[in-house]
Amino acid sequence: MGPTRKPNVCRQLSRRALGFFSRDAGVVQRTNLGILRALVCQESTKFKNVWTTHSKSPIAYERGRIYFDNYRCCVSSIASEPRKLYEMPKCSKSEKIEDALLWECPVGEILPNPSDYKSSLIALTAHNWLFRISATTGKVLEKIYLASYCKFRYLSWDTPQEVIAVKSAQNKGSVLARQAGIQQPVLLYLAVFHVLPFSLIGILEINKKIFGNVTDATLSHGILIVMYSSGLVRLYSFQAITEQFMQQKLDLGCACRWGGTAGTVGEAPFGIPCNIKITDTPPLLFEVSSLENAFQIGGHPWHYIITPNKKKQKGVFHICALKDNSLAKNGIQEMECCSLESDWIYFHPDASGRIIHVGPNQVKVLKLNEVENNSAQHQISEDFVILANREKNKNENLPIVTASGRVVKKNFNLLDDDPEQETFKIVDYEDELDLLSVVAVTQIDAEGKAHLDFHCNEYGTLLKSIPLVESWDVTYSHEVYFDRDLVLHIEQKPSRVFSCYVYQMVCDPADEETTNRSCEKDLQINFKLMINRS
C-alpha cells in the first residue's frame, strides 16, 4: 500500500462549517477561520510556488478559479496542483467574452432550479449576449440578447450579488459626424437586471440634452453617478428615475411591440428596447467637484473623500460629512512624500468605517470619531501605521573632498518610491481571515524582489511575511490575490504577455504531522458531540 493521503485542512474546515459536526454552522465557520488564520500565520507555515503559467490573453481570478482566454478556459486553484475545470468551445472574435462577474447563491432565497444554487459566471460577449454559465462545468444555463442599437462592453454590480448593470461603450459618433459638428443625442446606455432568476429592471439612456457633456456614468447601490470632464460628480436616485421616466414595463421572454416592430424581449434579433428615457432633469441628490472625478462615500456616519479640483492639490484628500459637506476635524490628509507615483486613499472594506491611506513608505489606517463634547462633528485620528523597512541612506549628506583639498558637503534626497528602497505597491484585505495583506518591493541589483506581508487588521502588527520567488518589474502591471490558503500573482508584461504564479500553504513535515494529529483529535471530539446531541 502507498502512503496514506493526508487530509486537506481547508477541506476539513469547510465540511465542518457546512454542519457535519455542529448544528450551529455560523459559529463553527468563525472558529474554523480562526484556526486557519493561526495556521497561515504560524512560523513553520510556508507558501510554495506550485504552478506557473503564461498566456497571450488576460488572466482573471475569482474565488478559487483562474480564467484564461477571455474566460473560455477555467482552472481550479483549490487542488494541490491547479487543474482544469472546463474549456468552452472556441469562438470567433465577435463572440468572445469581454467581461464577467461571479454570482454566488444568496442565503435564504428559494430559487426555481436546482442549478441556481451553484455558483455561476455572468458573462457579456462581444456580440451583445448576456450569458449565465455554470462556474464548474462551463455549460450555458441562460442567455439574453441585449440589443443591436449600441455596443455593450462593461459589467458591474449595482447591488452585490443581487443587481447588475451592463454599460455600453460611449457613443462618440463617426469621425465625419464629429467634423461636421453633428451632436450625438445619446451618450451611453445602462441595462439593469435582477439576477437569479434574471429579470429586467430596464435600459436607461444617458443623453446629452438632459445631462450635458458626460464623460462617464455608472450605477452603485441604487445611485446613478454621472461624471464630467470638469471634475463635477452628480448623484441621482435610480429608483426615482425609473418610477418617473419608464415608458413601458418589459419582461424577458414575453412578446412585445415597440416602434412598429414586434418580437420577444431578450431574444435575437429583437433584443431589449430602451424603455427608460429621461425627458426632464431628475431631482439631484448630491453634487461635488473633485480632481479626476475621484469621489468615495463610506464611514459611520456617512462621509465622503475628494481631492480639491486643482492640479496642484493632487495628493491632498478632504474628508467631509455627507449630510452638510462640513470638513471633519483633521479632515485634510496629505502624506508628505516625494514620489513618482501618487499615494491613494479609500474607505476600509471591512465595514469598520475606517480609512486606509497608502503611500510609498507607509500605510496609515485612520478612524473616524466624534469630537469630544460635540457629537455633531467628527474627527480623523490615526488607528495605526505600517512603515516600510528602510535603512537611512549611508551616502546621504557625506562630505566630498575636491582635488584642491576643499571639503564640500553635498545634500540630496532620494525619492520616497526609489526602487532601491522597500516600497509599498499593493494593499488589500482578506475578509475571512481578517488580515491586511501588503506587497512590498525592493530593487536588488538588476531585478526587483517582492514579499507579501500579513498584518493584524485590528492593531497593524506584522504576523507573517512571504517572499515571492519571481522577480518584480515595477514597470509592469501587477495584481496579487490572497485568498485563505492561496496567494496568486498575475503580471502583465510588454506585448500583452500575461504570467500567473500560484502559491499554496504548506507546513514542514514534522509540524504537518502534529497538525494532522490535532485535526483528527478535533474531528473525533466534534463527532462525539454530534452523536451526544442527537
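Derived value for the range 91-288: Kirkwood hydrodynamic radius 17.9 Å. Basis is the mean of 1/r over every pair of different alpha-carbon atoms. With all protein chains kept in place, the per residue accessible area of the range 57-178 amounts to 50 square angstrom at a probe of 1.4 angstrom. Our Cα-only numbers for the range 421-501 put the radius of gyration and Dmax at 13.0, 42 Å. The convex hull built on the alpha-carbon positions of the range 28-90 has an orientation-averaged projected area of 5.8 nm².
The value given for the range 242-287 is a Kirkwood hydrodynamic radius of 12.2 Å, derived from the mean inverse Cα-Cα separation. When the alpha carbon coordinates of the range 254-312 are projected onto the principal axes, the ranges are 55, 27, 23 Å, largest first.
Which pairs in the list 323/367; 310/493; 208/425 are over 28 Å apart, alpha-carbon to alpha-carbon? In this structure, 310/493; 208/425 exceed 28 Å between Cα atoms.
The values are calculated or read from the model by the stated rules, or taken from the named source; none is laboratory data. Just so you know, these numbers come straight off a predicted model, no measurement behind them. Accessible surface is based on the protein model in full, side chains and every heavy atom, while ligands, DNA and RNA are left aside. Shrake-Rupley method; radii C 1.70, N 1.55, O 1.52, S 1.80 Å.
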